[in-house]
Each structure stands twice: as C-alpha cells, then as structure tokens.
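The values are calculated or read from the model by the stated rules, or taken from the named source; none is laboratory data. Remember, it's a predicted structure, so these values are computed and weren't measured experimentally. Glycine also receives a Cβ, built like all others from the backbone with ideal geometry; neighbour counts cover every protein chain displayed. With ligands, DNA and RNA removed, areas are computed over all heavy atoms of the protein, side chains included. Shrake-Rupley method; radii C 1.70, N 1.55, O 1.52, S 1.80 Å.
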There are 2 protein chains.
Amino acid sequence: MTRKPTLAVVGATGAVGAVMLQILSQRADVWGEIRLLASPRSAGRKLAVRGEEVEVVALTEEAFDGVDVAMFDVPDEVAAQWAPIAVARGAVVVDNSAAFRLDPEVPLVVPEVNPHAVRTRPRGIVANPNCTTLTMIVALGALHAEFGLRELVVSSYQAVSGAGRAGVDALRAQLSLVAGTELGTKPGDVRRAVGEDTGPFPEPVVLNVVPWAGSLREDGWSSEEMKVRDESRKILGLPRLPVAVTCVRVPVITTHSLTVHARFQGEVTVDRAREILATAPGVVLCDDPAAGEYPTPADVVGTDPTWVGRLRRALDDPTALELFVCGDNLRKGAALNTAQIAELVAAEWADR
Amino acid sequence: MTRKPTLAVVGATGAVGAVMLQILSQRADVWGEIRLLASPRSAGRKLAVRGEEVEVVALTEEAFDGVDVAMFDVPDEVAAQWAPIAVARGAVVVDNSAAFRLDPEVPLVVPEVNPHAVRTRPRGIVANPNCTTLTMIVALGALHAEFGLRELVVSSYQAVSGAGRAGVDALRAQLSLVAGTELGTKPGDVRRAVGEDTGPFPEPVVLNVVPWAGSLREDGWSSEEMKVRDESRKILGLPRLPVAVTCVRVPVITTHSLTVHARFQGEVTVDRAREILATAPGVVLCDDPAAGEYPTPADVVGTDPTWVGRLRRALDDPTALELFVCGDNLRKGAALNTAQIAELVAAEWADR
C-alpha cells in the first residue's frame, strides 16, 4: 500500500477556501492528512472537511513540514512570499493566485486541456488559471484539438463573487436598497441610492453592469482582460493567438458567463462542434433554444462543468463559431481546478 | 410663415410612447397639432405633452385625417396593418416596429448616420431601427466614415425595458423576492424563488443573465441578433458586412450596453478614434479608466447620447478597435431617434 500524500490548504477560511473544503469532501479521497492553514487571526477556528472538524493552523514555515502538496488560495503577494517557502519545505505548490501564472518555469494547468504540463515544474509550483479564463478554456480546448484555433473575441458577464466575499456583500446590500423602489429609470438614481460605498467595485453593480475588473494595465486594458488573453495562450500552447477581451461585471452572485467568437483554421460545422462538446470531459452542451434550453448562471451555480449553449456558426464566416458559456467561478473557476491539479500531483505518489 | 405640420403619435400610452411625450415636450417645437392615438380602450385618457393635457383618440382611419407625420410605437402586426392606412390618408409614417425595416422601399434612418435616406421613401414610410442596433450605430457610423468598417463582433447587455413594461414589472417583482436573502449560490435557488412566472423572459432575470432576446430564427440565431446584423448593414450601406452578434438580457431596468470589436480596412489609432468620437454629434466619449471613468447604464439612463468608453486598439490586430457603448434604449434606442426622423420630415415643410 502506498502512502497517501499530505495536503495543506492555505487560505482555508476565504471564499474559495470554503468551496475547496466542500469539494475535498465530495471528491474521491486521495489525501492522507489535510492540514488547514490561514492567517494567524483565523488560527484555532474549526472547519469541516471530509465530515470531520479540523482546526485551522497559522501560516508559518513549520506548518509546511511533512506537507506533500500545498494548495494556495490567497492574494498574489501572500502567494509570492509563501509558495517558495512551502516548496523549500518539500511541498509541491498548486497556486490559485496570479503570482506565478506567466512564469515560464511554472506550468499553468487545466487537467482537461494540458494535464501533461503538470509534470514539468522546475520551481516546484503549478499555477491555476484565472476564473474568467477557466470559464471557457475547457470547451475551447476541445474545439481547438479538432479545428485549430486562430482567433478569439470574448466578452464577459462576471459574477460579484469573483471579487471575493466583499463583492457578494456589496451586491446583497445594494439589492436591499433598490428592491421595492422605482430606481433605475433616472440618471444617477441608483448611484445616489447606493451612496459612496460601492464595495470592491468602482460603480454600483445592482441594476447595472460595470465594464471593469481588476487594475489598469497599458493602453486602457484591465488586468482581468490581459489575464484572459495571456493565460489562454499559455494553456493552449498558442503564444501568438489573437485574443480580444472586454470584461464586464454583472449583478450575479456566482457563475461567470462569456460570449465567445472563436475563429478556426478552416471551415467548421455546428454538427461536428456539437459532437465534440457533447463528449468532451468537463463540458455539458445545453443548447436547444426552441425548447428554451441554454445555460444561465442561476442554473449553473454550484455545478462543476463548463456549460455551453447558443452554439452557432458565424453567418458571414464559415470558419467561426459563436458560443455562450457559463461556469461556477468558485468551483471550476477556482477551487475545483486547483483540486484537480493537486490530484494529478497526488497521482504521482500512487505511481511510485 | 409656413404652416407647422400636424403630428400623430400612435401608441401614445405604451412604454416608448410615454418617453416620446417627454421628448416632444423637451425638444424644439416644430409641430402644429399633436394628436395622440392608441387602442380604443385607452381612448379618453388625458396625457401631458408640451405642458398641456391632450385627450387620447382611438386608432381609426379617420383619426389620420389632416395628419402630416405619424409616428408609430406599436407591435409589428399593428404597424403592418395601420401604417399603410395612415399613408393612404396623407401622412408620412415613421415606424418604430420591425414590420418595414428591411423593406427595400423603406429607408432605415439614423439622423447622425444617414439623414439623406429619409427623402427617398416610395411607400411613404420611414423605419426606425431596433434599440440594440441604435445603441452602437451612431458611434460606429462616425468611425466607419473615417476608417471604413470591415467586420463587427458584438455582445449585448440588454435592459429589461426592451421587453416593455412587462419586462420592468418582472424584474421589479423578482428583486423583491431575492433582496435580503442568501439566494444565488445554490443550483436553481433563484429559479425556485421566482417560480414559473418569469414575465416576458424565458428564465429569471434577477441575479442572472439570459442569453436570449426575441424569437428563434434559423440555425439557432435569435430575431434580435438578426436585427442587429441586418439593420446595421442597411444603415451603414454595407450589405455584405460580416456581423456576429450574441444578445444577452441583464438585470438592468433601462439602458442597453454593448461590447463591440470593430475591424476596419486599415490600421487605426486610438488617438484618431478618440478625436472622431469626441466630436461626433450624438456621442459622448467617457473614457478615462485611471480616473474610474467609463459609461454604465446607471449613469446613462435618461440621457440622449450614445456613451462610449473602454476604447482600446486590439492588442493583436492594428486594424481593430474595442469599445463599450451604452445608450438609453427608450430614448435614442426608440423614441428619440423616431422624433429626430420625424423632425427631418417636418423640415421639408419649412423648405416648401
């Protein structure tokens, strides 16, 4: 009998951490000890995982002793500092921050798309992609394998939980301010009702859409838009793929949606694309508009797959497909993909 | 002194009609009599226009006697039946339904883009475009005049008032059901809370986005998506322009937003595009992300112009621009553009 590896969950008390503990409790159990790490102020709290109460331990160097795999769900700067420490203590790190995603010595892995990449990790770190990229990349990876991707134009409809618990709290507070009112029909009336405190968003998000996510990069691009472009290129192994993205926040609690205009190397057919998506692991094809079937966040939230609907061939370009995709940004978009990567690493123990 | 033309407003009691009466009260007054027409059950109601109470008259053939210009804000089938009757009685019809928009003998007019087209109207009818097309077409018309448009990829974030008063009522009712709850985090919880009655939408629209607007056309396209493509081509005089559109409903009361990926005939610069948009009639450039400036529906609602923000050149294609545009779907998207067309027609009286 092989030894089961020890797992550390760093950031166990955060929004993604909470979903991670659910996922670890639901999936086939490949882990020996599961150790929960968080900032010192959360130490001593008890959280349920695999049906047991586990006490949260403060994040220290020693906390990584004996850890085989450490999953990080913490801010970029915390990951940048602590991931190398965990590696030095002997752990393989699976990091869900942006700190290492574009490091050429760190693989960026989506198990349905590029599982092989997980084994080449010179820094001992494997990165988990951004939630917006993960919303579409499993479906696109399957289509790319058949048709050869040539260009992407993407628009997002991003849920507030992508900005963490503060994002959810902000939308819930704003919902209470507008329910039962006539707000939303006069210039600035929603803004005045919401007041100065718009939470982590630059504008009110209730009865509104906000064309901004992340921080400002060069030439007017947002960091979120650059992530979708750069990470998609790296995961698909297409370093020069043209990718145009506009990221927009919408008043949805959890589950990102994206419209995708995907151009391929040659002519495509909807029939073949449907076959590919209907059989691709991790994808559910939900596409029968005559029967009112297409994915929406309200139905997709809490589920694992990438849901694909509204599949059409571009009317004026036989090489392009249109898709509407939804994915739970806290599950496949964060915790689930991280857990899947960690399981790929854990499988190396079984192979030994 | 020339005679001021007589105007009829057909559908004066509807959602667009109400905005039309406001607009007629706000704009320079070019009209003699303004006659309000609606279905017989609304006859006798009094509505305010130009500071006076005007009694609504039932829609009959005789009601058009003496009318010079008749604006129609009614369902397609009502317009199809009654517009020719109004023309036969001597009126020029400006129709906001889809009944005549693609008729080659009916011009489809946006006064900032193709005002000249209004004069060639063999059927005596001028059509007003769909609200989604109107959200972007003024800005795109200005850019096209300089750069020459070659392709459009568009995604919409459409307000519920695009589906009329029933759409607004549905969202308001749904807001009251979710405010103060933890809904939006479990599969189907929003759907269960909203129940079977989702108003004019196929799914709950609160805490959700719904990738559908209109009725089903061939190959999975929605009527709304086909309108954006076909109407944009006609207005811009580019009958073969490739246009890929995905229309999505969002929980916003009024003001449609669109992301636009616009490819032009040659290389473009953001600096020149900014100059064009900053001086284009009917366009406000609101684009300084460093200062948190970009248009959102909450700020744009109730205003007349097309608001443009997030202007960027595609990172991987020097011939393409990205834009985020917002426009009030009841004003420029419907009543305002109809009023502007009617004023172009009225100007012919002054020229006589």
Report summary line: Here, region B:64-155 modelled as identical Cα point scatterers in vacuum has Debye log10 I(q)/I(0) at q = 0.10, 0.13, 0.19, 0.22 Å⁻¹ of -0.29, -0.48, -0.88, -1.08
Query raised in the report: Can you list residues whose amide H is under 5 Å from B:SER222's amide H, if they're 5+ apart or on another chain and H is modeled 1.01 Å from N?
Result: B:ARG217
Query raised in the report: Based on the Cα atoms of region B:1-156, what semi-axes does the equivalent ellipsoid have, where each is the square root of 5 times one gyration tensor eigenvalue, given in whole Å with the largest first?
Result: 29, 17, 16
Report summary line: Percent antiparallel among DSSP beta bridges confined to region B:1-132, nearest 5, equals 20
Report summary line: Debye calc, one equal point scatterer per Cα of chain A, no solvent, log10 I(q)/I(0) at q = 0.09 1/Å comes to -0.51
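Can you give the alpha-carbon Rg of region A:186-296 over 2.2 N^0.38 Å, where N counts its residues?
1.39
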Report summary line: Per residue, the convex hull enclosing the alpha carbons of region A:1-79 has a volume in Å³ of 92
Query raised in the report: Among all helices in chain A defined by DSSP H, which have a length of 15 Å or more along the axis from Cα atoms plus a Kyte-Doolittle mean of at least 0.0?
Result: A:15-26, A:76-88, A:131-147, A:165-178, A:336-351
**Report entry** Loop-located GluC sites (Glu not before Pro) in region B:78-147 whose Cβ has at most 13 other Cβ within 10 Å (DSSP)
**Finding:** B:GLU105
Query raised in the report: Say a paramagnetic label sat at a point 7 Å from the Cα of B:GLU62, along Cα to Cβ; which residues of region B:79-97 have their backbone N under 17 Å from it?
Result: B:86, B:89-90
**Report entry** Alpha-carbon gyration tensor eigenvalues x 5, square-rooted, for region B:269-352, Å
**Finding:** 30, 17, 10
Requested in this report: For chain A, with a Gaussian network of springs between Cα atoms less than 10 Å apart, report the residue from A:ARG27, A:ARG310, A:ARG35 with the top mean-square fluctuation.
Outcome: A:ARG27
Requested in this report: Take every Cα pair under 8 Å in region A:206-343 that's 6+ residues apart, average their separations, divide by the length, and report that relative contact order as a whole percent.
Outcome: 23
Requested in this report: One decimal, nm, shortest first: give the distances between the label point of A:PRO115 and those of the same position in the other copies, each label point 7 Å from Cα along Cα→Cβ.
Outcome: 6.5
Query - Scaled radius of gyration (Cα, divided by 2.2 N^0.38 Å) that region A:189-246 gives - result: 1.49
Report task. Tell me what chain A gives for mean residue ellipticity at 222 nm when only DSSP H runs of n ≥ 4 count, each as -39,500 (n - 2.57), the sum divided by the residue total, rounded to 500 deg cm²/dmol. Result -> -9500 deg cm²/dmol
Requested in this report: Quick one: among B:ASN128, B:ASN114, B:ASN208, which has the greatest mean-square fluctuation in a GNM of chain B with alpha-carbon springs under 10 angstrom?
Outcome: B:ASN208
Report summary line: Semi-axes in Å, largest first, for region A:132-259 (Cα gyration tensor, √(5λ)) are 33, 14, 12
Query raised in the report: If amide H atoms are built 1.01 Å from N in the plane of the peptide, which residues on other chains or at least 5 residues away come under 5 Å of the amide H of B:GLY302?
Result: none
Report task. Bin width 10 Å, alpha-carbon pairs only: give the P(r) of the protein assembly as shown as whole percents, running from 0 to the bin holding the largest distance. Result -> 3, 15, 24, 24, 17, 9, 5, 3, 1, 0, 0
Report task. Could you check what % of the DSSP bridge pairs in chain B are antiparallel, to the nearest 5? Result -> 50
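With a Förster radius of 51 Å, plug the Cβ-Cβ distance of A:THR2 and B:ALA80 into 1/(1 + (r/R0)^6) and report the FRET value to the nearest 0.05. It would help to have the intermediate numbers written out before the result.
Details: r = 74 Å, r/R0 = 1.46.
The formula returns an efficiency of 0.10 here.
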Report summary line: Within the under-14-Å Cβ sphere about B:THR255, not counting B:THR255, Lys/Arg +1 and Asp/Glu -1 give a net charge of 0
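For the interface of A with B, what's the total buried accessible surface in square angstrom, probe 1.4 angstrom, rounded to the nearest hundred?
5800
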Report task. List the distances, in nm and shortest first, from the label point of A:LEU216 to the matching label points in every other copy, placing each point 7 Å from Cα along the Cα-to-Cβ direction. Result -> 4.7
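Report the net charge of residues surrounding B:ARG192, where surrounding means a beta-carbon distance below 15 angstrom and charges are Lys +1, Arg +1, Asp -1, Glu -1.
Summing Lys/Arg as +1 and Asp/Glu as -1 gives -4.
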Query raised in the report: With r defined as the distance between the Cβ atoms of A:ARG192 and B:ALA173 and R0 fixed at 25 Å, what FRET efficiency is calculated, to the nearest 0.05?
Result: 0.60
Query - Residues of type lysines that A:LYS332 reaches as a straight line, Cα spacing below 16 Å, ignoring anything fewer than 8 places off in the same chain - result: B:LYS186
Query raised in the report: Between region A:49-80 and region B:113-180, what is the C-alpha centre distance in whole Å?
Result: 51
Report summary line: Highest GNM mean-square fluctuation among A:GLY309, A:GLY141, A:GLY32, for chain A with Cα springs under 10 Å, belongs to A:GLY32
Report task. Report, for A:ASP271, each distance to the same residue's label point in the other copies, shortest first and in nm; define the point 7 Å along Cα→Cβ. Result -> 5.3
Report task. Could you bin all the Cα-Cα distances of region B:124-171 into 5 Å bins starting at 0 and give me the percent of pairs in each, rounded to whole numbers? Result -> 5, 16, 18, 19, 17, 12, 9, 4, 1
